[in-house]
1. Report, by residue number, each residue of the range 152-183 that is closer than 29 Å to W106 by Cα and out of contact with any Ser or Thr (no Cβ under 7 Å at 6 or more places or on another chain).
2. Within the range 394-402, is there a residue that is of a type in the set (D, E, K, R) and under 30 Å from L310 (Cα atoms)?
3. Identify, by number, the condition in (1) surrounded by fewer than 19 Cβ atoms within 10 Å (Cβ to Cβ); (2) touching a residue at least 40 places away in the same chain (Cβ under 8 Å) that L378 doesn't meet.
4. Condition first: small (G, A, S), modelled with pLDDT of 85 or more and outside any strand (DSSP E or B). Now tell me which residues in the range 110-153 satisfy that.
5. Quick check on E55: is it at pLDDT below 85, part of a loop (DSSP other than H, G, I, E, B) and loosely packed, with under 15 Cβ neighbours inside 10 Å?
6. Take A464 and tell me if it is more than 43 Å from the chain's Cα centre (by Cα), surrounded by 14 or more Cβ atoms within 10 Å (Cβ to Cβ) and either touching a residue at least 12 places away in the same chain (Cβ under 8 Å) or not in a helix (DSSP H, G or I) (or both).
7. Do any helices (runs of 4 or more DSSP H) lying entirely in the range 233-341 carry at least 1 residues that are farther than 30 Å from D424 by Cα and out of contact with any Cys (no Cβ under 9 Å at 6 or more places or on another chain), and which ones are they?
8. With more than 30 Å from V485 (Cβ to Cβ), in contact with a strand residue (DSSP E or B) (Cβ under 9 Å, 6 or more places away or on another chain) and without any contact (Cβ under 8 Å) to a residue 60 or more places away in the chain as the only criterion, which of R368, R356 stands out?
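The values are calculated or read from the model by the stated rules, or taken from the named source; none is laboratory data. Just so we're clear, the structure is a prediction, and the values are computed from it rather than from any experiment. Neighbour counts are summed over all protein chains in view; Cβ atoms, including those assigned to glycine, are modelled from backbone coordinates with ideal geometry.
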Amino acid sequence: MRRAPHRKTWRAPLLAVALAFSASACHSPYRDPPLTDPDRSGEATPAEILAAPAEIPASLRRAGPEGAARRAGDVPLALPDPSHSCTLAELIDIALRNNPDTRIAWEQARQAALAAGIVDSSYLPQVSAALLGGVERVPTPVPKLLDPKGNIRADVDEITPSLVVEWLLFDFGRRDALSQSARNTAAAARIGFTGAHQKLIFDVSKAYYALDAERAQLEVAQSALDSAKILQEAAEARYARGLATITEVETSRRGTAKARFEIEQARTVDNDAYHALLEAMGLTPTLPITAASSAGRPLPRRLAEDADTLIRRALASRPDILAALQTVRAREADVAAARASNYPTVALVGQAAQNRAGLNFNGQSYTRVDEPGFGVMLQMKMPLFDGGLRDRLSGVARSRRAAAEEELSRTEDAAIRQVARAHDTLNSALARHDAALAYERAADREWQSALDSYRNGVGTLTVAATAETERTSARSARARAYADVLTAAASLAFATGGLTSVESLDTAERFN
């Protein structure tokens, strides 16, 4: 079995879930990021790609999974006014308070912690109170020399309150093994709670960037309509001066109509992305929420870390790997507990009772007692035969341990593949954004040149319309590439286990 390297628990590198918290709470659905030099050679970590100055809500400043867990039972957060543009930090805060996945994970962690407490209680004496009471009539045959009827009747009435103490003293480590198993299971559940937060943060971030990308496409479509109108006005102006044909005018009008249709298409896709964000947050689809734009920060050219470094970090900090490791340890403890069940146990048993009883013969009082009694005994139990039950339970424990080891190995392999893929995806997205930026600049220059030429009578409508189409395509590609970089950075942060919990909003630890 391959084992993961030494792992830090809660101080593993915490990537900035500061994610793409918007640099401003603007109401515009999309703003062009600053055009930077495509030859730039800056390096950055995913945290730096995602991070931007933002005011983090006070509720997100509670440290650790415990602080986040306390929010699970809070009254759902009052939603902001629809006119307020929520940053990603605010959207995550709303999701943490409303999405049922985090509350379910918290309850599961509580159950595991309570189970560990149940095992711990077996180390203490078990004290119980008992009350035995009742009446009994016992007819007994006797020689007629003693009684003419040939029998006597004994009537007994008795009330015996007692206090019983049982204290298991020694069991060859079975309780220790069960306690260790319960504690490892509780640790796995706590880590799973952190993993549920990571997944929620990632899902909300991914949906947020998808919505932002579609709103960028909507703005590009609006820009394309504006350009089509400009071209139509130029064709109509030339036609009025007798310099253009009616075919050119109708062609330009067709372009304007097509641009209006594409705006409606973009609105439809934007609406779908909006509902996907609400679903990721765990909100009903009728709630009005406005998301601020993620645009506005320049992106670096490449990552500062290689895939091997990120893979090592993922193996040390991913919640699913840490939880799987704790599960393996819990199953190993179960095997030890099953082995210990074959050995004897030693317990101290004590009892104190007050016996209040009376004995009557043939209806006449004979004697009564009202005296205390007590006893202290050392009890040893040795299992001898149980029809193979212990052997079967031991076999189940060993099988569960083997399955847990395979699950850990599979989780580590999956993490390696995911990090490597996410690393390459982010590098590709950065390169694609650089290319899209250059494409957009060239298309802008071509459009301006073609429009001026057509207005001045030295160019054709076909060339101008083609240039306008290319400009729209370039702006769309650049906007999509920009969102792809942010989404890929969030994916890499999630794959490496960096979105650990809300405290990473404050710490924002870097990879390097």
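1. Once the filter is applied, which keeps residues that are closer than 29 Å to W106 by Cα and out of contact with any Ser or Thr (no Cβ under 7 Å at 6 or more places or on another chain), the range 152-183 yields D176, A177, L178, S179, Q180, S181, A182, R183.
2. Yes, the range 394-402 has at least one match.
3. The failed condition is (2).
4. The answer is A112, A113, A115, A116, G117, S121, S122.
5. Answer is yes for this residue.
6. Taking the combined requirement at face value, the residue satisfies it.
7. Ranges flagged: 246-281, 319-340.
8. Only one candidate qualifies: R368.
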